[in-house]
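The values are calculated or read from the model by the stated rules, or taken from the named source; none is laboratory data. Bear in mind the structure is a predicted one, so any value in this text is a computation, not a measurement. Reconstructed Cβ throughout: ideal geometry from the backbone, glycine too, with neighbour counts over all protein chains shown.
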Amino acid sequence: MKNNIRLLLVLFFLVVTQNIQAQFSASIGLEGAIMTAEFKNTASYGFGAAAIAEIGISNKSGFTIQAGYLHLIPEEKYESAYMIPFQAGLKMYFNTKEHGAYFHPHVGVHKVSETIKFYSNYFLTIPKQTLSFTDISYGLGIGFIANKKMDIEIRYDFIAKNSSTISYLGLRVAYVLF
């Protein structure tokens, strides 16, 4: 009797873990960004990396969690700039998760940091200073899964900054780990 219970528990464990693996995927990739609107005053473009974990809800949708880092190439008056996005979203596939196009709305927060260079002329001296803020962000992405291992997504993200909104166009090319 005990052996039968153990065997059932082992089989149950194997089935459950196999089912969880089939519903969970993760990818890591490179990102590029082109700043738009008011954000162009700080930086023109940026590059970085991000990881996304996805938990399957059905054959055609999955809940996503993303974390990343984008190094921004600053304009002349800035010494450095970067963004750290943390977002959650919902991937909705047009075909299946293994191959084809998807739509990916997401929401979360972005931490943005800008360091302004020291500036001095005859009338004015501005010391070097770093300005940082963390605000709500949201965006939309359209992507494509190729041969089960390549994930390419183009997205447009908005970051609420005080009473205005800054935005950027992003491209993510990622390798699907599992």
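For beta carbons closer than 6 Å, sequence separation of 6+ or different chains, a first residue in region 108-129 that is of a type in the set (Asp, Glu) and a second that is at pLDDT 80 or above, the qualifying pairs are Glu114/Thr42; Glu114/Tyr78; Glu114/Ala81; Glu114/Leu131. Can you tell me which residue is modelled with the lowest pLDDT among those in region 64-97 that are more than 23 Å from Ser113 (Cβ to Cβ) and surrounded by 14 or more Cβ atoms within 10 Å (Cβ to Cβ)? This residue is Lys97.
Scanning region 40-63 for residues that are small (Gly, Ala, Ser), modelled with pLDDT of 95 or more and under 30 Å from Lys128 (Cβ atoms) turns up Gly46, Gly48, Ala49, Ala50. Selection of region 161-177 for residues being of a type outside the set (Ser, Thr, Tyr) and in contact with a helix residue (DSSP H, G or I) (Cβ under 7 Å, 6 or more places away or on another chain) yields only Ile166. Number of residues in region 118-154 that are assigned to a loop (DSSP other than H, G, I, E, B) and of a type in the set (S, T, N, Q) equals 2. Every listed requirement among (1) surrounded by 14 or more Cβ atoms within 10 Å (Cβ to Cβ); (2) part of a strand (DSSP E or B) is met by Ala101 save one, (1). Over 15 Å from Gly29 (Cβ atoms), among the acidic types (Asp, Glu) and in contact (Cβ under 8 Å) with a residue 12 or more places away in the chain: does that describe Glu153? Criteria not met by Glu153.
Across region 33-52, what is the total count of residues that are surrounded by fewer than 16 Cβ atoms within 10 Å (Cβ to Cβ) and either in contact with an Asp or Glu (Cβ under 6 Å, 6 or more places away or on another chain) or not polar (S, T, N, Q) (or both)? Full working, then the answer.
Going through region 33-52, the residues surrounded by fewer than 16 Cβ atoms within 10 Å (Cβ to Cβ) turn out to be 34, 36-38, 40-41, 44-45, 47, 49, 51.
Of the ones still in play, those that are also either in contact with an Asp or Glu (Cβ under 6 Å, 6 or more places away or on another chain) or not polar (S, T, N, Q) (or both) are 34, 37-38, 40, 45, 47, 49, 51.
Number of matching residues: 8.
When you check Gly29 against the structure, is it in contact with a Lys or Arg (Cβ under 7 Å, 6 or more places away or on another chain) and closer than 24 Å to Ser167 by Cβ, yes or no? So Gly29 passes the test.
Kindly indicate whether Thr115 is in contact with a strand residue (DSSP E or B) (Cβ under 7 Å, 6 or more places away or on another chain) and either outside any strand (DSSP E or B) or farther than 30 Å from Ala26 by Cβ (or both).
Numbers: in contact with a strand residue (DSSP E or B) (Cβ under 7 Å, 6 or more places away or on another chain): yes; either outside any strand (DSSP E or B) or farther than 30 Å from Ala26 by Cβ (or both): yes.
Here the answer is yes, as Thr115 does meet what is asked.
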